[in-house]
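Following: one structure in C-alpha cells, then a few remarks.
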Amino acid sequence: MLELKYKKINPETQKAMQQALTTSNDYYSETIKTIQQHYPGNITILNSANSCIFTVLEAVDDTIAVPDMGGWNGVEKSAQILDKKIIKIPTDNAIINPKTLDEFIKQNTDIKTLYITALGAYNKQQSLPEISQICKKHDILLINDISGVMGDKTLTNPEYADIQITSTGTPKIVNIENGGFINNITQKIKLNTHLIKTLKADNITCAGIKQEIPNAPHTLNKTRKANNYLKQLIKEQLEDNTDYYLIHPEDNKGINTIIKTPSKSKTKKLAYQIRQQLKITQNKNIITIGPNNNRIKKPTINIEIKNLDPDSLTKENIEKLAMIITDTIKQQLQENTEQ
C-alpha cells in the first residue's frame with residue numbers, strides 16, 4: 001500500500017489566513033499589488049474560479065468557442081445560465097491545432113470569444129503564441145485559464161490573452177481551497193460592478209492568495225518534475241503497447257498523466273484496482289477516468305499528480321506509483337490474453 005498526502009494548504013499560508021481574522025488590514029488591495037508583481041494587469045479577486053468565469057462570460061458577446069474536451073465544464077454551465085451560445089472546436093486530445101482554429105473561425109463568423117486552458121486537460125500546453133495571433137487577426141477576445149500554469153512566466157505571459165482567469169481552490173498550484181482572480185489585461189470588456197461586489201473575495205481568501213502567489217513557481221516545477229518522471233517510467237514499461245499508451249507523452253509542461261485504455265469497462269476495473277493499492281489522506285483520490293469532458297473524451301486513466309501535496313512528490317513515491325500502475329496494467333493485459 002502506497003501512502004500519499006493529498007494537497008493541503010501550506011502551514012505558513014494557513015497561518016496568514018488565520019491572522020486575517022483578527023486584523024483590519026485591507027488584504028484585498030494588498031493582494032492585488034502582490035499578484036500584479038507576478039501577473040501585470042487589472043486584477044479582480046473573487047470567491048471562486050466559477051465566479052470569475054461567470055463574471056467574465058456575463059460581459060462578453062453571446063457566442064463563445066471552447067475546445068471540445070480538456071477544458072472546464074463550468075464554462076458551459078455559466079454560459080447556459082447566461083443564455084450564451086457555446087461552439088466546440090475540434091482538438092487533438094484537448095490540444096488546439098492553430099490551423100484548425102483559423103479555419104474554424106472563418107467558418108463560424110459569429111464567434112467573438114475563445115475560452116481555453118493553457119494546459120489542455122492539465123496534460124499538455126496549448127500553442128499560445130499562435131492561438132493568440134489568430135485571435136488578434138480575427139478580432140476574437142481570448143480568455144486564457146492559467147490555473148495549471150501559475151508560476152510559468154511563458155504560459156502566463158499577458159501578451160497571450162485579453163483576459164486571464166485562475167483558480168486558487170484545491171487542488172491547484174496556488175492552493176487555498178477557494179478563490180480565484182480575473183486579469184482583465186486589455187480591458188476590451190467591462191466587468192459588471194454589481195457581480196464583482198457580490199462575489200468579491202473576503203480578507204481570509206486574499207491573505208491566503210497573497211502568501212501563496214510567490215510560492216507558485218516552486219510548486220509548479222516540483223509537480224511537473226514528478227509528473228514527467230512518472231510518464232518516463234510508465235512509457236518505459238508500456239513500450240509500444242497499442243492498447244495502453246500515454247496521451248501526449250512528449251510534453252513536459254503537464255501536471256497529470258493520462259493513459260489511453262481499450263474500453264470503458266476495462267478502464268473502470270483498472271482504476272479500481274489501482275485505487276485499492278493507494279492510501280490518500282483525507283480519503284481523497286488521484287485516479288480519475290475518462291471519457292471526461294474536463295480531461296479526454298475517450299476511455300482513459302488519469303493520474304492527477306497535481307492533486308498531491310508537494311511533500312509526497314518524492315522520487316521513491318513516484319517510482320512506487322509507476323510500478324503499481326504498470327503492474328496493474330500488465331495484469332489486465334494478461335487477463336485479456338487468457339480470455
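Readers should treat all values here as calculations from the given coordinates under stated rules, not as data from a laboratory. This is a predicted model, so every value here is computed, not measured. A quick note on method: Cβ atoms are made from the backbone with ideal geometry, for glycine too, and the neighbour counts reach across all protein chains shown.
Computed from backbone phi with θ = phi - 60° and the Karplus coefficients 6.51, -1.76 and 1.60, the 3J(HN,Hα) list for segment 267-272 is 4, 4, 5, 5, 4, 4 Hz; x is used for glycine and proline. The convex hull drawn around the Cα atoms of segment 209-339, when projected onto a plane and averaged over every direction, covers 8.6 nm². With a cut-off of 13 Å between beta carbons, the residues surrounding Ala65 carry a summed charge of -2, where Lys and Arg count +1 and Asp and Glu -1.
Ordering Asn184, Tyr245, Thr156 by Cα displacement along the dipole of segment 122-256 toward the positive end leaves Asn184 in first place; charges were set at the Cβ atoms of Lys, Arg (+1) and Asp, Glu (-1). Considering all different alpha carbon pairs of the chain, the Kirkwood hydrodynamic radius works out to 20.7 Å. If each of Glu335 and Lys315 carries a label point 7 Å out from its Cα toward its Cβ, how far apart are those two points in nm? Placing both labels 7 Å along Cα→Cβ, they lie 3.4 nm apart.
Take every pair of alpha-carbon atoms less than 8 Å apart whose residues are at least six positions apart; their mean separation over the length of segment 1-149 yields a relative contact order of 18 percent. In this simple spin-label approximation, Lys225 and Glu3 carry label points 7 Å from Cα along the Cα→Cβ vector, and these lie 2.4 nm apart. As a ratio to 2.2 N^0.38 Å, the alpha-carbon radius of gyration computed for segment 271-339 takes the value 1.21.
Shape of segment 1-55 from the C-alpha gyration tensor: oblate (a/c of 1.5 or more and a/b not above b/c, with a ≥ b ≥ c the square roots of its eigenvalues). Checked against a 32 Å cut-off, the cross-linked pairs Lys112/Lys231; Lys88/Lys190; Lys5/Lys330; Lys5/Lys235; Lys8/Lys268 give Cα-Cα distances beyond that limit for Lys112/Lys231. Distances between placed amide hydrogens fall under 5 Å for Leu308 paired with Lys7, all partners being 5 or more residues away or on another chain. Rounded to the nearest whole Hz, the Karplus-based 3J(HN,Hα) values (6.51 cos²θ - 1.76 cosθ + 1.60, θ = phi - 60°) of segment 15-25 follow the sequence 5, 4, 5, 5, 5, 5, 6, 10, 10, 9, 4, with x at glycine and proline. Roughly what angle does helix 203-212 make with the longest principal axis of the chain, taking Cα atoms, 0 to 90 degrees, to the nearest 10? That works out to roughly 60 degrees. For Leu141, the amide hydrogen comes within under 5 Å of the amide hydrogens of Thr113, Leu114, counting only partners 5 or more places away or on other chains and with H modelled in the peptide plane. The slack in the chain from Lys268 to Asp110, taken as 0.36 nm per residue of separation less the alpha-carbon distance, amounts to 52.9 nm. Rounded to the nearest whole Hz, the Karplus-based 3J(HN,Hα) values (6.51 cos²θ - 1.76 cosθ + 1.60, θ = phi - 60°) of segment 86-95 follow the sequence 10, 10, 9, 8, x, 10, 9, 6, 5, 9, with x at glycine and proline. Near the amide H of Asp92, within less than 5 Å, lie the amide hydrogens of Asn97, all on another chain or at least 5 residues away, with H placed in the peptide plane.
Sorting the Cα pairs of segment 185-228 by distance into bins of 5 Å, from 0 upward, gives 5, 16, 12, 14, 17, 16, 12, 7, 1 percent per bin. Tell me the relative contact order for the chain as a rounded percent, counting alpha carbon contacts under 8 Å between residues six or more apart. Here the relative contact order equals 24 percent.
In percent, rounded to a whole number, the relative contact order of segment 207-277 is 26, using alpha-carbon pairs under 8 Å and six or more apart. Relative to the longest principal axis of the Cα atoms of the chain, the long axis of helix 315-338 makes an angle of roughly 50 degrees. How would you classify segment 81-137 from its alpha-carbon gyration tensor, with a ≥ b ≥ c the square roots of the eigenvalues: rounded for a/c under 1.5, else prolate if a/b is greater than b/c, otherwise oblate? Judged from the Cα gyration tensor, segment 81-137 comes out oblate (a/c at least 1.5, b/c at or above a/b). Extension gain, Gln80-Glu12: 0.36 nm per intervening residue step, less the Cα-Cα distance, totals 20.6 nm.
Which net charge results when you count Lys and Arg as +1 and Asp and Glu as -1 among the other residues whose beta-carbon is under 10 Å from that of Asp152? That works out to +3.
Please give the calculated 222 nm ellipticity per residue for the chain, where each DSSP H segment of at least 4 residues contributes -39500 (n - 2.57) and the sum is spread over every residue; nearest 500 deg cm²/dmol? Only helices count here, giving -12500 deg cm²/dmol. Would you work out which of Gly169, Thr44, Ile143 lies farthest towards the positive end of the dipole of the chain? Charges go on Cβ: Lys and Arg +1, Asp and Glu -1. Going by the Cα projections, it comes out as Gly169.
The radius of gyration of the Cα set in segment 5-150, together with its Dmax, comes out at 17.7, 56 angstrom.
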